[in-house]
1. Give me the angle, in degrees from 0 to 90, between the Cα long axis of helix 372-383 and the longest principal axis of the Cα atoms of the chain, rounded to the nearest 10.
2. If you take the C-alpha gyration tensor of the stretch 261-372, multiply each eigenvalue by 5 and take the square root, what semi-axes do you get, largest first, in whole Å?
3. Can you give me the distance in nm between label points at Asp175 and Glu110, each placed 7 Å from the Cα along the Cα-to-Cβ direction?
4. Under 17 Å from the 7 Å Cα→Cβ point of Glu160, by amide nitrogen: which residues of the stretch 274-298?
5. Enter the mean projected area of the convex hull around the alpha-carbon atoms of the stretch 113-181, in nm², rounded to one decimal.
6. Rounded to the nearest 0.05, what FRET efficiency do Glu273 and Asp77 have when you use their Cβ-Cβ distance and R0 = 45 Å?
7. Tell me, what % of the accessible area of the stretch 276-394 is carbon and sulfur with a 1.4 angstrom probe?
8. Taking a quarter of the surface of the convex hull around the Cα atoms of the stretch 138-282, what do you get in nm²?
Amino acid sequence: MTTTRRTTATTTAALALALGATACGGTTGPASGGELGGQTVTVAGVWTGSEQENFKKVLDAFTEKTGAKTVFVPSGDNVSTFVGSKIEGGNAPDVVMVPQVGVLQQFAKEGWLQPLSDQTAKTADTTLAPVWKNYGTVDGTYYGLYFKAAHKSTVWYTPEAFTQAGVSEPKSWSDMLKAGRTLADSGRPAFAIAGEDGWTLTDWFENIYLSQAGPEKYDQLARHQLKWTDESVVRALTTLGELFKDKQLVAGGAQTALATDFPSSVAQVFGPEPKAGMVYEGDFVGGIAKGQFGKKLGQDAKFFPFPSVDGGRAPVVSGGDAAVVLKDAKNSKAGAKLVEFLSGAEAAEIWAGAGGFLSPNNEVDFASYGDDTTRSTANSLIAAGNSIRFDMSDQAPAAFGGTKGAGEWKLLQDFLRDPSDPQGTAAKLEAEAAKAYGN
């Protein structure tokens, strides 16, 4: 199961491989002095390369504050298998950074987690929008502190292509398609679409659905309390189909899109031989445009918020990584102290200054982010408050929302190939969802 696909692996795919992942995780800081002197806190997470290095700066600050030594252990993409095997072997990490709501819920139901401390819960009450606390809560118990967020409602573009075509940033879905056709008329197709990676197609659908159908129906569909054959789903697929069927809007047409992975879609817009004017995906697109192609954010690479659809509110879909404490860990008390530290603004501001990071914490100083573009994205995330919604497919059972060549990923790829029957696609989605959710 590819649990990291949106919040982390996408950035890693393009950037971190070049930097080289740390195989053993390593340790930080001296272990003497401070309230936790002589203790070691082990943290498991999916991060590699630059993300791992930047998180270690946060761990170093914790060491300095408490005296506890820290060890970061890379979990690989399949966090649940990794953690399960560690628990079985009697070698559970103290803290795990979990990148999917569905996985956090699974851990809680397995009885692997201990509730977060009263202090962490109290801090979260004032620093996080309630929706973030809800995503970390299972059956009324608060287990997961959301520390790192991804903003999944950003459309990235080349200002030079917009200027050449005489178009400005669109505010509605219909304006965006119109601007895209104008771009194509001026010689550059509108969108590079990463159809080879089915998760990007789920993100397209989720943004349209959240804006068009609203947050309540979004929540019902995410829990499969609403069938995928519902009229609201058919309507969102019909809207998405307008984009998919138009060769002016999809660079190279559907066949090219289906052979394009996510890093390549960013390259098609910001690489040396641009083939499209825009690429839709999360804030991590900016990291690749800057890190791999040397673009200056806010100058050579800009974004606008995913526009409102049919008069709905502009959507803010998010992803994120939550810190959980394992109750079978040898040092879970020190682990709980680390999560308390992560709940404060200081920890988030360290990574914000290093780059490639957004915090859902409303007390983080926007000035700690390194550039105006990231500040603007962070501001949009905080301003969305309780209307933000977690990536729907990340909330689904993996068989439906997170498996290559199956479930929602495959069916939306089929729909990109032939978007002529939204109703038929909705029926197939419902059949797969019913199997995976078992309700």
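The values are calculated or read from the model by the stated rules, or taken from the named source; none is laboratory data. Just so it is clear, the structure is predicted and the values come from calculations on it, not from any experiment. Ideal geometry is used to build each Cβ from the backbone, glycine not excepted, and the neighbour counts take in all protein chains shown. Side chains are part of the model used for accessible areas, which takes the heavy atoms of the whole protein and leaves out ligands, DNA and RNA. Shrake-Rupley method; radii C 1.70, N 1.55, O 1.52, S 1.80 Å.
1. With rounding to tens, the tilt is 80 degrees.
2. Numbers: eigenvalues 217, 61, 48 Å².
Each semi-axis is the square root of five times an eigenvalue, giving 33, 17, 15 Å.
3. 4.7
4. Backbone N within reach: 274-279, 289-298.
5. Numbers: hull surface 29.6 nm².
One quarter of the hull surface, i.e. the mean projection, equals 7.4 nm².
6. 0.90
7. Details: 1810 of 4040 Å².
Result for the stretch 276-394: 45 percent of the exposed heavy-atom area is carbon or sulfur.
8. On the way: hull surface 41.0 nm².
The number I arrive at for the stretch 138-282 is 10.2 nm².
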